[in-house]
Each structure stands twice: as structure tokens, then as C-alpha cells.
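Following: one structure in C-alpha cells, then a few remarks.
The values are calculated or read from the model by the stated rules, or taken from the named source; none is laboratory data. Predicted, not measured: the structure shown is a model, and the values here were computed from it. Glycine gets a Cβ as well: all are built from the backbone with ideal geometry, and neighbour counts include every protein chain shown.
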Amino acid sequence: MRILAIDSSGLVATVAVVEEENEISKTIAEYTINYKKTHSQTLLPMLDEIVKMTDMNLDTIDAIAVAGGPGSFTGLRIGSATAKGLGLALKKPLIHIPTVDGLAYNLCYTDRIICPIMDARRNQVYTGIYQMDGDKLQVLEAQMAVGIDELAKKLCTYGKPMIFLGDGVPVHKDRLEKELMTDQDIAFAPAHMNQQRAAAVGMLGIQYYKEGKTETAMEHEPDYLRVSQAEREREERLKAENTHE
Amino acid sequence: MDTEKKDILILAIESSCDETAAAVVKNGRQVLSNVISSQIDLHKLYGGVVPEIASRKHIEKINQVIEEALENAGVTLDDIDAIGVTYGPGLVGALLVGVAEAKAIAYAKKLPLVGVHHIEGHISANYIENLELEPPFLCLVVSGGHTHLVCVKDYGTYEILGRTRDDAAGEAFDKVARAIDLGYPGGPKIDKLSKEGNPDAIPFPRAHIEDSPYDFSFSGVKSAVLNYINGCKMKGMEYNRADIAASFQKAVTDVLVGNAMHAVKEYGLNKFAIAGGVASNSSLRAAMKQACEENGIEFYYPSPIFCTDNAAMIGVAAYYEYINGTRHGWDLNAVPNLKLGER
């Protein structure tokens, strides 16, 4: 089985091709870039480079795994539209990997509680709480958008060593150390493991594919975890009007 | 010897604003399918297009729209020769959905990718129903986001003679419609209400720009309408909404017709076309038709379905770009302020 994986939810753009044969899985190629160019300019050229370098026929992939959110709204849509276009043209199914799950899977085999943090602005982070059971990802708290203080409060209740990763770490590191350091054993993932990696998305994709968790290219859409600003403001306005009546 | 020319089929995608559209066009002139998924009802709730909502709707609809376009045309991707896509100008988040989708399809099917300028698409809409129309001609593009007077010198070769200095004509329609409580989108509603009003009831100003005879300005007439309404309200006077709509529409139309006819004569052209969403406006069409007849100029206009944002027009423009050799790379990006003629 061969999976093409794409993640453009955050600062990095990353593309990988992973395989599983006779219960042995491997990464055929992975291309990750954290540079000032937009995902729109990098994502497809990266895929093209992988295809050329590995003499791959795109028709040989079984499915396209894509980090389906949360993340930058525009970044998610670039990845999503790319996956949908490939899926439509190649007639292949898509696999929707929750972005934060994919990030957590970078730290496979750690005994620590895994907590990815993506900066979500408006004083919030996109995060989730996970634990590994061998190579199986256990979701203790599904991905969510919360304030950093609320996350710290949740984490305190686990009383276990933990490790953080993601582009939200630099923004919130001091705060987390202050809130948690005194009585918790906390660590931060090293630079080569702390950002989105499409190979991790692909490996989760293999598991999802075997569990039959696929969708059609037409069905796929990002899961933003947030409504748009205009919708939020409208809801607030309607709510305010209703309470005044 | 086999001299039979192969047909060229373009699959075109358009997502620059609040319409998700796909079409299949044969040899640049024959529309095999034209699918448009409009989001207008959603944006009505907000009184205008909300970029983030537009982008979200595009990603939800785009595959369905493309598959419908292929199905309606009775073709598959294997029959397609190139993919055309609008990459600017427009809302960047909205454009990016179409661009990323088009690139992925072209890449997977090993097809040439042709990026198209949205206005070039609107102008090219005139080729669909007027098979005899060929450059050179003059074209007035009027929509919610654009007011351009363009000399179409050849396929893909344009000279912009005039543009708006402030509001686009369609934007002024939307703002005036809001002021007289007609809602969004304003153009069709003002057009309808105007039929009940007197276009000479209120003398709204016609802006002429001193040093550039083909440029437009619509913020003055818009402000004059708002001032007129405020003045009536302050004096406790009733005002006639139909008269306001008709008089405003006449003021805008007079300027559009005046500048266009001036340019046609100055450039010695005998063909004139209109394009864009506002080109559906019945008063503008009638006034242009009359002016062209009086001046012995052939007048062209697309059906309303090709005036609104659609992908058929993008397919036509993409065809001429394609045969002229335009090809875009896999790093094609959305360019929200793309200039006409830039490639």
C-alpha cells in the first residue's frame, strides 16, 4: 500500500510518500520546507520533485492523506484543494488526518504525554493531549482550540511527564514552564521533530486506510475548529439582540 | 494527407469571488458545459461578500462543480487538452482554492496549465455568442470590482484606456442599493426598481476627469445620492426610492456611454462590446445599443449567464492564451492585484 501525504496547515509545507508491504512500513520520500515562500508556490513543486526523484507513477498510490485541520485557514485550503484535485484526477480516495494527531505522531514511542501546540492567535492554541501505546496513538483529549491557561490546567490533572511540540511552543514556552515546571516533568521536542512532518501524516494514513477511514475527494473539506470571524460576530450580535428582547 | 484539425478542449475553473464555477470549452468558442455554484444567498446575510466564507464555500463545492462540468459536456479528463484557471485579480483566499485545485488536476493528468486574468475572461465572454467577433474592438468591463475601458488589439493583447479612480460601477450600485434599503446585490435590484422611476427626477452629477477622458469616478455620484437622502430626512421630506434608483442609474450610464463612445471614435474602431456583471443591466445595455446605432458601431454583449462570473469565459480566454503559447508552472500563485496583460 502506498500513501501520498500532504500537510500545509502551519508554517511548514511538507509532502511525503510512505509505503507498507508485508507489515513493514517505510518512508520513500519526504520533503519539508520552512521558508518564506507561500505553500501555493512550494507544495506542488515539492511533490513534482519527489515524483521525479523516485521515478514514481502517481497512479500507483492508493490514497492521499491530508492534514485536514486545524491550522491556518488559507494553508489548510491549499493542502485540501491540492489533495482534492489529485484525488479527482487520479480517482483515489482521501484520508483526513486531524492536524494535531499528525503532529503528535512525530513523537511515536515516547512514554510521555504528548501535547502539540499550534499558535491559533486570539490568545488561543490548537492542541490535543495524546499518549502512545507502541505505535498506536491514543487520543486522551481530541484536538481543540483553547486558551493556554486552560490547557495548562488540563495538563496538571494528568500528573505524568509530558513533552510539547509545534509552532506554538516558542510563543508559549515561558508560560508553560511557569505554570507547569514546579511539580511536573516537562520537555520540549528537538527542532528536527517539533514541526509538521508529512511522513507522520502518511503513517497515520496507513492506519486509517486499513481501518477503512477514507472519504471521496468530493466529500473532503477542512475542519477549521472555528467559524469565520464574520459568522462569529453575527452570532454574537444575534445573541445580544435576542437577550435584549 | 490527414489535414483534419484536432479539437482543443479546455477545462476551466473560476473562484475569484463568490461563484465557484467550472466549464468545458471547445476550440475557444463552443461552450460544452458551464456550471456555476453561487453563494450569493449566504453573503446576503452580511450585506456583501465575506472573503473567508467565500473561500470555505469554494473548497466545499469545487470538486462537485468540476465533475458536473465534465459530465454535462459528456467528456472525461482524458479528453481535456489543457486546464485554464483564474489566478487574479480577486480575493486571494478564494483564488487560491481554484488555483491549487487546477494545478493538482493538471499535474496528475500531465496537462498544460494556463493561468487566466479574470478581466480577460470577462472580455472573452463576448466571443462565445458572437462567432464573427474578432479583435480589434473596444470593450467596457463593468462589474462589482472592476470598471475598465479596454482596447482589445489582438487576442491576449490589451491596452487599458480608462479605469475607475475610486469605486467600481457595481460597487456604487451596491452602496446606493443599501442606502435605499434594497439589500445585496444592488445591481439587479436597482435595475428593477428604476423601471418604476423617473431617470430625470434628480440631477445627480456626472464626473468627468480633466486630464484623462476615459477614466471614471463613481464615488461622487454615490455621495450625492447619500447626501440627497440625508437632506430629505433632515427636512422631514419623503423621497421616492424609484426616482433615486432611476436617476442614479442614468447618471452612471451616461458617463459609461459617454466615455466609451468618445474612445471608440478616437481610436477609429467600429466594434464595441460590454462585459462583466453590470453589463446585464438593462438600462446600460439599451443606452449602449442606442449610442452604437447612432454612431454606426457594431454592438456586442454576452447573455447574462456569461456576464456574471463564470468559467466558460475563462475557458475561452485560456484557449487563446493556450494557442499563443502561455503555460504556467506548478508554482503558479494567486495574484490578487494581477494587471491585465501580465503573465
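When segment A:183-240 is limited to residues that are of a type in the set (Val, Ile, Thr) and part of a loop (DSSP other than H, G, I, E, B), the one that is farthest from the other protein chains (Cβ to nearest Cβ) turns out to be A:Thr214. Restricting the first member to segment B:35-53 and to residues that are small (Gly, Ala, Ser), and the second to residues that are at pLDDT below 95 and assigned to a loop (DSSP other than H, G, I, E, B), the beta-carbon pairs closer than 6 Å and six or more apart or on different chains are B:Gly47/B:Tyr184; B:Gly48/B:Tyr184.
Among residues of segment B:291-334 being free of Cβ contacts under 8 Å to residues at least 60 places away in the same chain and of a type in the set (Gly, Ala, Ser), the one that is surrounded by the fewest Cβ atoms within 10 Å (Cβ to Cβ) is B:Gly296.
Given the criterion farther than 27 Å from A:Arg226 by Cβ, at pLDDT 95 or above, within 21 Å of the chain's Cα centre (by Cα) and more than 14 Å from chain A (Cβ to nearest Cβ), identify the matching residue among B:Val35, B:Val85, B:Val114.
Matching residue, one of B:Val35, B:Val85, B:Val114: B:Val114.
Looking only at residues in segment B:88-111 that are under 16 Å from the mean Cα position of the chain (by Cα) and assigned to a loop (DSSP other than H, G, I, E, B), the one that is nearest to B:Thr157 (Cα to Cα) is B:Pro89.
Taken over segment A:114-162, the criterion of being among the aromatic types (Phe, Trp, Tyr) and at pLDDT 95 or above is satisfied by A:Tyr126, A:Tyr130.
Being more than 23 Å from B:Asn333 (Cβ to Cβ) and either within 10 Å of another protein chain (Cβ to nearest Cβ) or not in a helix (DSSP H, G or I) (or both) is the filter here; which residues of segment A:41-83 pass it?
If the condition is that a residue be more than 23 Å from B:Asn333 (Cβ to Cβ) and either within 10 Å of another protein chain (Cβ to nearest Cβ) or not in a helix (DSSP H, G or I) (or both), then A:Thr54, A:Asp55, A:Met56, A:Asn57, A:Asp59, A:Ile61, A:Asp62, A:Ala63, A:Ala65, A:Pro70 are the ones that fit.
Can you name the residue in segment A:31-40 that is within 11 Å of chain B (Cβ to nearest Cβ) and surrounded by fewer than 19 Cβ atoms within 10 Å (Cβ to Cβ) and is also modelled with the highest pLDDT among such residues? The qualifying residue modelled with the highest pLDDT is A:Thr38. Residues that are under 24 Å from B:His122 (Cβ atoms) and more than 10 Å from every other protein chain (Cβ to nearest Cβ) within segment B:66-79 comprise B:Glu68, B:Ala69, B:Asn72, B:Ala73, listed in sequence order.
Look at B:Glu266 and say whether it is acidic (Asp, Glu), over 24 Å from the mean Cα position of the chain (by Cα) and either surrounded by fewer than 24 Cβ atoms within 10 Å (Cβ to Cβ) or within 30 Å of B:Ser55 (Cα to Cα) (or both). For B:Glu266, the condition - acidic (Asp, Glu), over 24 Å from the mean Cα position of the chain (by Cα) and either surrounded by fewer than 24 Cβ atoms within 10 Å (Cβ to Cβ) or within 30 Å of B:Ser55 (Cα to Cα) (or both) - is met.
Annotation for segment B:230-246: at least one member residue is farther than 29 Å from B:Ser16 by Cβ and in contact (Cβ under 8 Å) with a residue 60 or more places away in the chain.
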